[in-house]
Amino acid sequence: MKRPLRPAGMRRALPLLLALALLGCAAPGRTPPQPVAHSQGAGDTAYSQLARVFTLSNGMTLIVRPDHRAPTVAHMVWVRVGSMDEVDGTSGVAHALEHMMFKGTPDLKPGEFSRRIAALGGRDNAFTSRDATAYHQQVPAHQLEAVMQLEADRFARNQWADEEFRREIEVIKEERRQRTEESPRARMFEALNAMVFQASPYRRPVIGWMSDIESMTPDDARAFFQRWYVPANAAIVIAGDVDVAQARALAEKHFGRIPARAVPDRKPREEPPQHGPRRLEYRAVTDQAMVALAYKVPKWRGADVDSDADRDALALAVLSAVLDGYGGARLGRALVQGSGGGGKRIADSASASYGLLGRGPQLFTLSAVPARGVSPEMAAAALKSEVERIGREGVSEVELQRVKTQWMASEVYKLDSVFGQARELGNYWINGMAPDTGERLMERLRAVTPAQVQSVARRYFGDGQLNTGVLVPESPRRDGGAP
C-alpha cells in the first residue's frame, strides 16, 4: 500500500525544512558529488554545477544531478497536483489516483509495475501531499532506461477496470480508518485544519473525507488523471550515477514522445484575512487531552532578493528550531522537564512546527499534551509564555549557533543519499524554485539574527491570528458505544 504524506502544517516541519536547507552541502569528511561538464543548449538552464534542468520537446521538465559515489540511481516523477487541486465532493481523488497508477496499462497487469521494478533489483513507492504527487524508484544505475520506460508508459497510458478501482477504494477506506478514524488526535487535527482554513483548499484532508471516498467513482479518478497528468505539469528528477547527456536522451526518447497538452488554469482560492481568535473543542474517548495553537504566518517564496515577508519566514524557521529543534530546546526544558517558572511539569510532550514552503498558506503550530493535573488552558498558556519570553528577552547568539550547528550535524547526513537529493530537487520544482535553492536557503538561515527572531516572536503570535484546538477526553458509554 502506497503511503501518502500527512498535511505539512499538521506534522513536525523542521526535518523537511532542514533537508531543504541543506541540499547541495557535502557531508563532513566525504567527497562531494563532482560536477559534470555539460554545454548548454536550447531548453537547458544551468542553475548550479551539480544539477541541470532541461525542458523536453513536450514541455516536461527534466532535472539531473550526477553523484558517482555508488552505482545506483534514484528516479522520480513529480506531478504538480495534490489535494489542493481537488474540488469539494471529490476530496481524496489525488491520493486515490496515486493508488490506481499501480494498477496497470495496456501492457501491464495490476501490480506488475512494482514486480518489474523488484526484478530489476530496485524498490519503488509513491506519495501524495497537499501540493504534489510523486512516484519514485531506486535501482542499479544500469537499469535506468528500463525504469524510465515503465514510468513513461504509466504516465501516458494508465488504465484499469472499474472493479479494480472499487477494490482499491476499500483499501483506502481502511487506510483512513487506521490513520485517522482510530486516532482521536488525528481527528482533532483534521477538524482544526478545517477550521483554520476557510477558502484555501488546504482545509481538506489529503486522504479525503470518508463520505467523499465512499462516493468516489472510477470516472472521478480518470477525469483527474486526464486533467492534471500533463507533460508540462510534471518533472522527471534523476540523481545518482548517471551521465547527464545520456539521461537527457533517454528522457526525450521515453517521456518526450507523450503528446503535449496545456496545463489547466488554476483559480487562486486565496484565504481571507482572519479577524479574531477561533477555538475548537473536539470530544473523543481518549486517555489524555491535547492542545494545539495554530497561527497564520508568511511562507518563504525563495526569491533572489528577500522581501520583508521572506525575511520573517526565515526568522520563524529559526524560532521553531529554538523552541523545538534539538534535545534540550526551550519547550522541552520549560514544559516537559519543568525548568520554567515554579519548576512544575506542564506537559508530557510539547512541540513546535512551521511550514516554510508550500503552494498554499502556511502555519506555525505549537502543541502540548498536558501532564496529569494540568488543564489544556494551562498548557496553552505555557506554550504562549515561551514565545512571549523570546519576544521580551530575545535569544542569544550562543543559542542560535547551537541551533545552526545541530542543523549541520544532523541534516547533512540525511541528504547523503541519492533519493534524498532527488526528493529535495522535486520539492523545489513543485514550489517553482531553482535546484540551488538549498544553498541559498542555508545562507539566509545562517544570516538570521537574534533581533529578527525576537521581532517575529513579538509580531505574529497575537490572538488575532490564533486558532486553538483542544482534544477533550470523554469516557466510553457503558453499553460500549460512542459517547
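The values are calculated or read from the model by the stated rules, or taken from the named source; none is laboratory data. Bear in mind the structure is a predicted one, so any value in this text is a computation, not a measurement. Neighbour counts run over all protein chains shown; Cβ positions are idealised from the backbone, glycine included. Ligands, DNA and RNA are excluded from the accessible area calculation, which covers all protein heavy atoms including side chains. Shrake-Rupley method; radii C 1.70, N 1.55, O 1.52, S 1.80 Å.
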Would a scan of segment 335-352 turn up a residue that is within 17 Å of Tyr460 (Cβ to Cβ), open to solvent by 40 Å² or more (accessible area, probe 1.4 Å) and in contact with a Lys or Arg (Cβ under 8 Å, 6 or more places away or on another chain)? no
Going by the structure shown, is Val171 surrounded by fewer than 21 Cβ atoms within 10 Å (Cβ to Cβ), over 30 Å from Pro277 (Cα atoms) and of a type in the set (A, V, I, L, M, F, W, C)? yes
Close pairs (8 angstrom Cβ cut-off, 6 or more residues apart or separate chains): open to solvent by 10 Å² or more (accessible area, probe 1.4 Å) in segment 72-88, polar (S, T, N, Q) anywhere: Thr72/Gln138; Arg80/Asn233; Met84/Ser200
Hits in segment 282-303 - residues which are among the charged types (D, E, K, R), in a loop (DSSP other than H, G, I, E, B) and under 27 Å from Val470 (Cβ atoms): Asp287, Lys299
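Residues are listed down the side, and each one gets a yes or a no for (1) surrounded by fewer than 20 Cβ atoms within 10 Å (Cβ to Cβ); (2) closer than 18 Å to Thr105 by Cβ:
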| residue | (1), (2) |
| --- | --- |
| Gly121 | yes, no |
| Ala134 | no, no |
| Gln137 | no, yes |
| Arg177 | yes, no |
| Ala194 | yes, no |
| Asp212 | no, no |
Quick one: which residue in Asp241, Asp287 is open to solvent by less than 70 Å² (accessible area, probe 1.4 Å) and acidic (Asp, Glu)? Asp241
If a residue has to be out of contact with any helix residue (DSSP H, G or I) (no Cβ under 8 Å at 6 or more places or on another chain) and surrounded by fewer than 21 Cβ atoms within 10 Å (Cβ to Cβ) to count, how many in segment 311-334 make the cut? 3
Just checking, which of Gln178, Gln138 is touching a helix residue (DSSP H, G or I) at 6+ places or on another chain (Cβ under 7 Å) and over 17 Å from Val93 (Cα atoms)? Gln138
Does segment 46-54 include one or more residues that are in a strand (DSSP E or B) and at pLDDT below 95? yes
Kindly establish whether Pro273 is open to solvent by 40 Å² or more (accessible area, probe 1.4 Å), without any contact (Cβ under 8 Å) to a residue 60 or more places away in the chain and under 27 Å from the mean Cα position of the chain (by Cα). yes
May I ask you to list the residues in segment 288-303 that are at pLDDT below 95 and more than 18 Å from the chain's Cα centre (by Cα)? Ala303
Do we have Arg279 as of a type in the set (Lys, Arg), open to solvent by 60 Å² or more (accessible area, probe 1.4 Å), in contact (Cβ under 8 Å) with a residue 12 or more places away in the chain and under 30 Å from Val79 (Cα atoms) here? no
In segment 251-266, is there at least one residue being closer than 28 Å to Ser353 by Cβ and either open to solvent by 10 Å² or more (accessible area, probe 1.4 Å) or in a helix (DSSP H, G or I) (or both)? yes
Under 6 Å between Cβ atoms, which residue pairs at least 6 apart in sequence (or on different chains) link something in segment 239-259 that is in contact (Cβ under 8 Å) with a residue 12 or more places away in the chain and on the phi > 0 side of the Ramachandran plot with a partner that is in a helix (DSSP H, G or I) and aliphatic (A, V, I, L, M)? Gly240/Val418
In segment 304-330, which residues are under 20 Å from the mean Cα position of the chain (by Cα) and assigned to a loop (DSSP other than H, G, I, E, B)? Gly325
Flagged pairs (Cβ under 6 angstrom, 6 or more apart or on separate chains; first in segment 304-324, under 21 Å from Glu439 (Cβ atoms); second part of a helix (DSSP H, G or I) and open to solvent by 20 Å² or more (accessible area, probe 1.4 Å)) are Leu314/Arg444; Ala315/Gln452
Residues satisfying the stated conditions in segment 331-356, i.e. more than 17 Å from Tyr295 (Cβ to Cβ) and not in a helix (DSSP H, G or I): Gln337, Gly338, Ser339, Gly340, Lys344, Arg345, Ile346, Ala347, Asp348, Ser349
